[in-house]
Amino acid sequence: MESFRETAPSRSAVKRRAQQIEDLARQMLELGDSEVRRLGWEAPLLEALRLARETRQHGARKRQTKHLAALLRRDEQALAAAEKYLDVRSGRRQEQVKDFHQLEQLRDRLCSDESQEEALHEILLLFPGCDRETLAALGEDFRTSGDRRAYREIFRLLRAGAEKGRP
């Protein structure tokens, strides 16, 4: 009896895992059709997902989501594929947010009197395709007149430089 207790998960652990799978099923409802096709799920899972998406009433939708979660609990491969896909998708999103914040910080530093030169230097190291004179002029415009158009234009130029790629 000792070995069974050591290997079997507790009731609470089983319930936590079931709740995680149900949360994953809710996230799957948000995905587009092209994203779902990449998962390579079989017909019963795809049908359950389609039905849950089409159901509009709250109680019925909740029931369909629980049904999808139950099917996922039975199909380890489909569950693993969904978890992996959502992890990768979440990682990409976090990377985009991080890059966006970096561009905002560079723009703010470029628009401040104290750190303009070092910000310009860092921008040109990170994004060699950016035009130094244009960025400096726009930064100066913002500092002297407070022109928000220049502020937005700096961000557009930085984003374009980031999309061209880093060295």
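The values are calculated or read from the model by the stated rules, or taken from the named source; none is laboratory data. Worth saying up front: this structure is predicted, and the values here are computed from it rather than measured. All Cβ positions, even for glycine, are placed from backbone atoms using ideal geometry, and neighbour counts span all protein chains on display.
For Gln27, the conditions (1) assigned to a helix (DSSP H, G or I); (2) over 23 Å from the mean Cα position of the chain (by Cα); (3) farther than 30 Å from Arg152 by Cβ are fulfilled apart from (2). Tallying residues that are basic (Lys, Arg) and closer than 16 Å to Leu103 by Cα within segment 120-147 yields 1. Annotation: Glu47 fulfils all but one of (1) surrounded by 14 or more Cβ atoms within 10 Å (Cβ to Cβ); (2) outside the structural domain of Leu125 (by TED's automatic domain parsing); the unmet one is (1). Just for segment 1-24: of the residues that are in a helix (DSSP H, G or I) and of a type in the set (S, T, N, Q), which one is modelled with the lowest pLDDT? Going through the qualifying residues, I end up with Ser3.
Okay, residues lined up against (1) out of contact with any Gly (no Cβ under 8 Å at 6 or more places or on another chain); (2) surrounded by fewer than 12 Cβ atoms within 10 Å (Cβ to Cβ); (3) of a type in the set (Ser, Thr, Tyr):
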site: Asp87; (1), (2), (3): yes, yes, no
site: Val97; (1), (2), (3): yes, yes, no
site: Leu106; (1), (2), (3): yes, no, no
site: Gly129; (1), (2), (3): no, no, no
site: Arg143; (1), (2), (3): yes, no, no
site: Glu153; (1), (2), (3): yes, no, no
